[in-house]
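Single-structure report; data block below.
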Amino acid sequence: MDIHLFFLTLLSLIFLTTLKTKEYLIYSIKRMFLTLNNIQENWLKAVVAGGYTRACLISLVKTDINQFHSDAGNYVENKQRTTAHKQVETNCSSCKSLADVLECPTNGYCKGKPCTLHAGKRVDINHACVILMQYIVKNHKHCRPSWKNTDVTHWGSDPWSLAGCFLPRDGYEGANTAEDTDLNGFLSVILNCEIFKQYVNDWEKPDNICEKARKALNKFRHSPTMSLSDEELTDYIGTLKNHLENSGPLKKLPDVQDAVLKLSKLEK
Ligand SMILES: [Zn+2]
Ligand SMILES: [Zn+2]
């Protein structure tokens, strides 16, 4: 087995196994470190740094997506109350796909001319799911939700189904829970969903501090040689720390403070 693949497998297992197995795996990794050269060791440290950062964000992202889901529900209800001749619907069981909700044509969703997904379907603008869809668009930084990563039949019951709208368009087909989502996915949700604005001081800027962390992550993730110089490792960890420490509401979280300490130790 390729040595990098072996390490990656070990690291994945660390996050998924029991305490005793974790201790053994960490011990194995420490021993393996001794056989690596410096730049490979740096690459591995960068993987671990990403793991610490992801771990400290998971609970925050889940909590705020739950809040977003609840805010969206209130928005729909208020909107329906203030619309004449419509009654308030709290649960929808009639929408089977986004074709029942999105106007045709919608970029990133519709297929073919004429569109085979809509096939003549008309959207009722007062329907609960349509109002919820409008709320999602309104709260997306670029007004371009990833429709392919969300399932309208789960919108009422599963808050995380809304998070899919803020993930990158590609590569997240199976990410149906926060636990299935990687660091790049979390950073994308923070970057794209307005409820996370408080965690990034310069959120409005295209190249904000969170975007810098996401770019740094992707640069190292796509390194073909799976190696990192000392300088690159320092830059990468520094960028992650800058993001975690940039805003008051983010840096005061105990999970975040713990991750920053762990990242500082990795730098040494
Ligand atoms: Zn519906
Ligand atoms: Zn269409």
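The values are calculated or read from the model by the stated rules, or taken from the named source; none is laboratory data. In this text the structure is predicted, and so the values were computed from the model without any measurement. Neighbour counts run over all protein chains shown; Cβ positions are idealised from the backbone, glycine included. Note: areas computed on protein heavy atoms with side chains; ligands, DNA, RNA excluded. Shrake-Rupley method; radii C 1.70, N 1.55, O 1.52, S 1.80 Å.
Rounded if a/c is under 1.5, else prolate if a/b is larger than b/c, else oblate: which is the stretch 36-267, with a ≥ b ≥ c the root eigenvalues of its Cα gyration tensor? Provide the component values of the computation, followed by the final result.
Working: a/c = 2.82, a/b = 1.93, b/c = 1.46.
Taking the square roots of the gyration eigenvalues as a ≥ b ≥ c, the stretch 36-267 is prolate.
Taking 0.36 nm per intervening residue step and subtracting the Cα-Cα distance, what contour gain separates residue 198 from residue 37 on full extension? Could you put the intermediate results ahead of the total?
On the way: separation 161, 0.36 × 161 = 57.96 nm, distance 4.07 nm.
Gain on stretching residue 198 to residue 37: 53.9 nm.
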Length-normalised contact order of the stretch 161-268, Cα under 8 Å, at least 6 apart, in percent, tallies to 21 percent
Expressed in square angstrom to the nearest 10, the accessible area of residue 77 with a 1.4 Å probe stands at 60 Å²
Can you tell me which lysines have their Cα less than 29 Å from the Cα of residue 212? Leave out same-chain residues fewer than eight positions away. 45, 62, 138, 141, 148, 197, 241, 251, 252, 262, 265, 268
Peptide ranges 62-70, 189-197 listed from the most packed, as the mean C-beta count within 10 angstrom indicates: 189-197, 62-70
R0 = 25 Å: FRET efficiency of residue 70 with residue 221, Cβ-based, nearest 0.05? 0.15
Give me the angle, in degrees from 0 to 90, between the Cα long axis of helix 209-221 and the longest principal axis of the Cα atoms of the chain, rounded to the nearest 10. 60 degrees
Using the Karplus curve 6.51 cos²θ - 1.76 cosθ + 1.60 with θ = phi - 60°, what ³J(HN,Hα) values do you get for each residue of the stretch 142-153, in whole Hz, with x for Gly and Pro? 9, 6, 10, x, 7, 4, 5, 9, 9, 10, 4, 6
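Given R₀ = 35 Å, FRET efficiency for residue 142-residue 93 by Cβ-Cβ distance, to 0.05? Let's see the in-between values first.
Numbers: r = 31 Å, r/R0 = 0.89.
The computed FRET efficiency comes out at 0.65.
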Ranked output for segments 95-105, 247-257 by mean other Cβ atoms within 10 Å, highest leading, reads 95-105, 247-257
Listed residues 167, 217, 115: farthest to the positive end of the dipole of the stretch 87-240 (Cβ charges): 115
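I'd like the carbon and sulfur percentage of the solvent accessible area for the chain, probe radius 1.4 Å, heavy atoms only, ligands and nucleic acids excluded.
54 percent
Could you report the chain's accessible area per residue, 1.4 Å probe, as an integer in Å²? Write down the numbers at each step before the final one.
On the way: 14620 Å² over 268 residues.
On a per-residue basis, 55 Å².
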Cut-off under 5 Å, modelled amide H: who pairs with residue 146 long-range: 166, 167
Residue 122 versus residue 63, label points 7 Å from Cα toward the beta carbon: distance in nm? 4.6 nm
